[in-house]
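> Take a look at this one; I'll ask things after.
The values are calculated or read from the model by the stated rules, or taken from the named source; none is laboratory data. Owing to the predicted nature of the structure, the values given are computational and were not obtained by experimental measurement. Cβ atoms come from the backbone with ideal geometry, glycine included; neighbour counts cover every protein chain shown.
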Amino acid sequence: MDKMMDSPWVLRIVALFLAFLLFFSVRTELSPKNKSILNEQTVVIRDVPVDVFYDDKNLIVTGIPKTVNVTIKGPTPLALKAQTSRDFSIFADLSKLLIGEHNVRLQYENISDKLQVTLDPATIKVNIEEKVTQEFRVDPELNTRLIEEGYILNSMSSNPATVYVTGAKSAIENISYVKATVTGEQGLREPFSQVAEVKVLDRDLNKLDVTIEPATVKVQVDIGAYSRELPVVLKEIGKAANSITVNQLTISPTKVRVYGKKSIIDALTAIPLEVDLSKITESKTYEFEVKLPEGVTKISDSKIKVKADITKVEQEKTTTTTTTTTTTPAPPPTPPPTSEESKTPSEDDTPPAEKTEDIDS
């Protein structure tokens, strides 16, 4: 074997074989077919917007993706140019389609014919529906757990109170809620206003693909202390004077609004008003201050008017006058005159007159 390798003819044959092998290898690499393979490139262009052509004044189309991915394969200069310039467009032409569901193939333009284009997705399912516009009332909402204890949400209102919602007929028919949600920090206790976004939801609280005009509203939130209206109960204290009879006491107002923590206010049934009878001296209107029950922070009327109707009893002093009369007894009968006395008596013979005395006992 060593002698064979040392032979010059063997070495010449091996060298000739290697020369042929190298020749054909280089020729194959330089062939036009392989040159073409070396100059091709595949690029992926992501999130290319999709344009849609249809009667947008009267129709609504759903099912169109916002973007698609485009794969381009071809000569490297053309592929790289398309990738960097992105001057091509992807579109769906629905102008000749009727209302209903359709499978539509996406199209492209401004891409060289020398490039192989693949779209993902290439075919889409669209639904063409009638466009409907309807007016809806906006319901403002607030998480009541943000309100401080002892305060309540009195009311909320939005300006404007209604919005116009435009969308597919099926979407409009599925609207269950049109809400404007306001937020805030924990411990809300004062009224405030806030601009809130309007949301349109179905019965399962899913957001619907519709257009809202206006998209935002101003919400006015009225927060105040918790209160209830309770009757005023008259409670008499003290004692009226002996010379006074209280016929009737009338209070005004008969109801007041009290403020405080809900648990305390809800436990109350009435507000007592203490009326001191010793201070009532005549028929007129008095004012008595209301003593706040424990836990009540405020009351609508701190003083209550009490109209008193009384009668004064007067003690009559009766003076009894006793008159004692002393009567002089009548004179004894005069005997019949004698013959001598039958003559007319003289003035000297006339008896003396009687005397009367009144004594007040």
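> Every residue in region 263-277 that is under 36 Å from the mean Cα position of the chain (by Cα) and crowded, with 16+ Cβ neighbours inside 10 Å, please.
ILE264, ILE265, ILE271, LEU273
> To continue, here is another question. Looking only at region 169-192, which residues are of a type in the set (Gly, Ala, Ser) and either loosely packed, with under 12 Cβ neighbours inside 10 Å or touching a helix residue (DSSP H, G or I) at 6+ places or on another chain (Cβ under 9 Å) (or both)?
GLY184, GLY187
> Would you pick out the residues in region 205-214 that are out of contact with any helix residue (DSSP H, G or I) (no Cβ under 6 Å at 6 or more places or on another chain) and either more than 30 Å from GLU148 (Cα to Cα) or crowded, with 16+ Cβ neighbours inside 10 Å (or both)?
Result: ASN206, LYS207, ASP209, THR211, ILE212, GLU213, PRO214.
> Among the residues in region 75-93, are any under 30 Å from LYS169 (Cβ atoms), touching a Gly at 6+ places or on another chain (Cβ under 8 Å) and in a strand (DSSP E or B)?
Looking through region 75-93, none of the residues is under 30 Å from LYS169 (Cβ atoms), touching a Gly at 6+ places or on another chain (Cβ under 8 Å) and in a strand (DSSP E or B).
> Moving to a separate point now. Within region 268-284, is even one residue at pLDDT 85 or above, touching a helix residue (DSSP H, G or I) at 6+ places or on another chain (Cβ under 8 Å) and farther than 23 Å from LYS239 by Cβ?
no
> Scan region 194-222 residue by residue and report those that are of a type in the set (Ser, Thr, Tyr) and modelled with pLDDT of 95 or more.
THR216
> Could you tell me which numbered condition TYR108 fails, if it satisfies all but one of (1) touching a strand residue (DSSP E or B) at 6+ places or on another chain (Cβ under 6 Å); (2) touching a residue at least 40 places away in the same chain (Cβ under 8 Å)?
With (1) touching a strand residue (DSSP E or B) at 6+ places or on another chain (Cβ under 6 Å); (2) touching a residue at least 40 places away in the same chain (Cβ under 8 Å) applied to TYR108, the lone miss is (2).
> Mind checking which pairs have a first residue in region 50-65 that is within 19 Å of LEU208 (Cα to Cα) and a second that is at pLDDT 90 or above and exposed (fewer than 13 other Cβ atoms within 10 Å of the Cβ), Cβ under 6 Å, 6 or more apart or different chains?
GLY63/LYS125
> Further question: With region 126-233 as the region, which strands (runs of 3 or more DSSP E) entirely inside it contain at least 2 residues that are without any contact (Cβ under 8 Å) to a residue 24 or more places away in the chain?
Fully inside region 126-233 and qualifying: 192-201.
> Another question, if that's okay. With (1) touching a residue at least 60 places away in the same chain (Cβ under 8 Å); (2) of a type outside the set (S, T, N, Q); (3) within 19 Å of GLU229 (Cβ to Cβ) as the list, and LYS303 as the residue in question, which single condition is left unmet?
Just one mismatch for LYS303, condition (1).
> Listed residues GLU236, GLU287; which is surrounded by 13 or more Cβ atoms within 10 Å (Cβ to Cβ) and not in a loop (DSSP other than H, G, I, E, B)?
The conditions single out GLU236.
> Of the residues THR144, THR123, THR162, THR183, only one is out of contact with any Ser or Thr (no Cβ under 9 Å at 6 or more places or on another chain) and under 14 Å from VAL217 (Cβ atoms); which?
On inspection, the qualifying residue turns out to be THR162.
> Taking region 298-329 as the region of interest, how many residues are in a strand (DSSP E or B) and modelled with pLDDT of 50 or more?
Result for region 298-329: 12.
> Quick check on region 60-91: of everything there that is of a type in the set (A, V, I, L, M), at pLDDT below 95 and within 30 Å of GLY167 (Cβ to Cβ), which residue is surrounded by the most Cβ atoms within 10 Å (Cβ to Cβ)?
So the residue we want is ILE60.
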